[in-house]
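Structure first, commentary second.
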Amino acid sequence: MNYIPRLIENQIKERLFKGKLVIIYGARQVGKTTLAKKILADYGEDGTYFNCELLSVQKGLSEPEAEKLKKFLGNYKIILLDEAQNIPNIGKILKIIVDTYPEIQIIATGSSSFDLAQKISEPMTGRTFTFMLYPISLQEINQKENLLSIEAKLENFLRFGSYPEILSLGEKESIERLQEISSNYLYKDVLSFEGLKKSSLVKNLLELLALQLGNEVSYNELAVNLGVDRLTVQKYIDILEQSFVVFKLNAFSRNLRKEITKSVKVYFYDLGIRNSLIENYNLLDIRNDVGALWENFCILERKKNNDAEFNFVNAYFWRTYDQKEIDYIEESGGKIRGFEFKWNEKKKFKVPKEFIEKYDATVEKIDRSNYWKFLGL
C-alpha cells in the first residue's frame, strides 16, 4: 500500500508560520517522522531535519543561548526536531527559539507525552499547536479505497492492527514486524521515565491488560498478580497511556442506584500490538476474544475520528451491579448517546430501560452491517 495521506496533514499546514511551535504526538512507528518530513519537503532547501536521539543533536541544542542555538540550527525557514523529548531542557530551548526567532517554524515530534509535555507545558504556554497521530484510521484508508475493499480487510485490522508499515505486509511479515515493534519500541519511552526500570513488570502488566480486554480492570487484582502495590499499577498504566500504548475509559455515573462508579476499562491504541503481547494472531472464527477485539476496534476508530474532526466528547462505559451494561457512551452538547458493539450481526441486545429513562439517552447496536456509519466512512 502506497503512502496514505493523514487527516491532520492539512490541519498542520494551516497552522504553520503563525509564530507558534507545532507538536505532533504519537506512539513510535505510527508515522510521525514520515508525516513531518512530507510537510518539510514542501519547503525544499528551506527545511531541515534533526534526529534528537543523536548525541550530537542533543549537544548542539544543550545551551539555552539564542545565538548559539541559531548557529547550530542554521538559516532554515522550517525545522523538524524529531523525538524532541530527548533534548535536555527542551521547554526552555524551544521557548528561546520561538520567542527570539518567530519567523522560524519549528515542528517537534514526541512519542512520550508525559516527557515532552511536562518539559514544555509551562515555558510554552500559549505558544503551541498540538496534534495527535494515531495508527492509520479507516477514514484515512477510505480516501484511497472503497468500502468493499475495507470490508474485505476488516478481519486483518482486528488481527494485525493498522500501523502504516503493517498495512503493506503479508501475514508472516506482519507477525514478525509486530513482534519486533513490541520488543524494541513498545517499552522504550516508558522505561526511560524516571523511576521505571522494571521491564519485566511492564511486560507482565501489558500481557494482563491484553488478556482482560473488554472487561473492567481491577487495580487490586493486577497488583496481587504482579506482586506490587495498587499505586504502582496505577502509575504504570498512566504512563503507558501517556506513551500511547493504551487508553482508559472511566465508568459513567450520575448516581443512579446500582451504577458502577469507580471503575475503568483499558483499551489498546493498536490491536496488532495487543495481539503480539499474547502471541495470538488466529483467525477470528476460532478465537474467543473476537467481541473484545471488535469493541476495542470500534472505540479506537471513533476516537481517531473525533480527534480528526475536532469533536470534543466525554467518553465512558456504563454498568450496574446487576450486570446491565453499555460498552461505550459519548456525552456532548448536552446529549448522551450509548453504543453496544456486536461482531455477530444476529446477536440480540436488550437496551437497559433505566439508562434511557434516567438520562434521556439513545442506545444503538454497532455491528458489521452499520459500523461504517458509526466510523464516518
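More than 21 Å from Asn296 (Cβ to Cβ) and under 21 Å from the mean Cα position of the chain (by Cα), is that true of Glu180? Considered against the rule, which asks whether it is more than 21 Å from Asn296 (Cβ to Cβ) and under 21 Å from the mean Cα position of the chain (by Cα), Glu180 comes out as yes. Checking the stretch 121-142 against the condition returns a match, with at least one residue being modelled with pLDDT of 90 or more, under 19 Å from Thr33 (Cα atoms), among the aromatic types (Phe, Trp, Tyr) and in contact with a strand residue (DSSP E or B) (Cβ under 7 Å, 6 or more places away or on another chain). Kindly evaluate Thr109 against the criterion of being of a type in the set (Ser, Thr, Tyr), at pLDDT 90 or above and buried (at least 17 other Cβ atoms within 10 Å of the Cβ). Yes; evaluated as a whole, the condition is true for this residue. The residues of the stretch 200-222 that are of a type in the set (Gly, Ala, Ser) and either crowded, with 16+ Cβ neighbours inside 10 Å or not assigned by TED's automatic domain parsing to the domain that holds Phe341 (or both), listed by number, are Ala210, Gly214. For first residues located in the stretch 49-61 and more than 8 Å from Ile87 (Cβ to Cβ), partners that are acidic (Asp, Glu) and surrounded by 17 or more Cβ atoms within 10 Å (Cβ to Cβ) and lie 6+ apart or on another chain with Cβ distances below 9 Å form the pairs Tyr49/Asp82; Phe50/Asp82; Asn51/Asp82; Asn51/Glu83; Glu53/Asp82; Glu53/Glu83.
When Ile39 is tested against (1) under 25 Å from Ile239 (Cα atoms); (2) touching a helix residue (DSSP H, G or I) at 6+ places or on another chain (Cβ under 8 Å); (3) of a type in the set (Val, Ile, Thr), exactly one condition is not met: (1). Identify all residues within the stretch 5-31 that are in contact with a helix residue (DSSP H, G or I) (Cβ under 9 Å, 6 or more places away or on another chain), over 26 Å from Ile181 (Cβ atoms) and surrounded by fewer than 16 Cβ atoms within 10 Å (Cβ to Cβ); write none if there are none. If the condition is that a residue be in contact with a helix residue (DSSP H, G or I) (Cβ under 9 Å, 6 or more places away or on another chain), over 26 Å from Ile181 (Cβ atoms) and surrounded by fewer than 16 Cβ atoms within 10 Å (Cβ to Cβ), then Gln11, Lys13, Gly19 are the ones that fit. In the stretch 340-377, which residue that is of a type in the set (Phe, Trp, Tyr) and out of contact with any helix residue (DSSP H, G or I) (no Cβ under 7 Å at 6 or more places or on another chain) is nearest to Asn146 (Cα to Cα)? The qualifying residue nearest to Asn146 (Cα to Cα) is Phe349. When restricted to residues that are closer than 22 Å to Leu293 by Cα and assigned to a loop (DSSP other than H, G, I, E, B), the stretch 309-360 contains 12.
Matching residues to (1) among the polar types (S, T, N, Q); (2) under 24 Å from Tyr185 (Cα atoms):
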site	(1), (2)
Lys18	no, no
Ile23	no, yes
Ala27	no, yes
Val30	no, yes
Ala36	no, yes
Ala41	no, no
Gly44	no, no
Asn51	yes, yes
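Has the stretch 69-82 got any residue that is among the small types (Gly, Ala, Ser) and surrounded by fewer than 16 Cβ atoms within 10 Å (Cβ to Cβ)? Yes - at least one qualifying residue is present in the stretch 69-82. Could you tell me whether Phe193 is at pLDDT 95 or above, out of contact with any strand residue (DSSP E or B) (no Cβ under 9 Å at 6 or more places or on another chain) and either surrounded by 19 or more Cβ atoms within 10 Å (Cβ to Cβ) or of a type in the set (A, V, I, L, M, F, W, C) (or both)? So Phe193 does not fit the description; no.
Only residues that are surrounded by fewer than 14 Cβ atoms within 10 Å (Cβ to Cβ) and closer than 15 Å to Lys303 by Cα were counted in the stretch 223-251, giving 0. Whether a residue is of a type in the set (Val, Ile, Thr) and over 19 Å from Thr128 (Cβ atoms) was assessed, and Val98 does not pass this test. Go through (1) more than 21 Å from Phe72 (Cβ to Cβ); (2) under 26 Å from the mean Cα position of the chain (by Cα) for Lys18 and report which single condition fails. Status for Lys18: all satisfied but (2). Scanning the stretch 196-217 for residues that are part of a loop (DSSP other than H, G, I, E, B) and either among the charged types (D, E, K, R) or modelled with pLDDT of 90 or more (or both) yields Lys197, Lys198, Gln212, Leu213, Gly214, Asn215.
Do we have any residue at all in the stretch 159-173 that's touching a helix residue (DSSP H, G or I) at 6+ places or on another chain (Cβ under 6 Å), assigned to a loop (DSSP other than H, G, I, E, B) and at positive phi? Yes: the stretch 159-173 contains one or more residues that are touching a helix residue (DSSP H, G or I) at 6+ places or on another chain (Cβ under 6 Å), assigned to a loop (DSSP other than H, G, I, E, B) and at positive phi.
In the stretch 87-102, is there at least one residue being buried (at least 16 other Cβ atoms within 10 Å of the Cβ), under 30 Å from Gly376 (Cβ atoms), at pLDDT 90 or above and in the same structural domain as Leu61 (by TED's automatic domain parsing)? No: the stretch 87-102 contains no residue that is buried (at least 16 other Cβ atoms within 10 Å of the Cβ), under 30 Å from Gly376 (Cβ atoms), at pLDDT 90 or above and in the same structural domain as Leu61 (by TED's automatic domain parsing).
The values are calculated or read from the model by the stated rules, or taken from the named source; none is laboratory data. Just so you know, these numbers come straight off a predicted model, no measurement behind them. Neighbour counts are summed over all protein chains in view; Cβ atoms, including those assigned to glycine, are modelled from backbone coordinates with ideal geometry.
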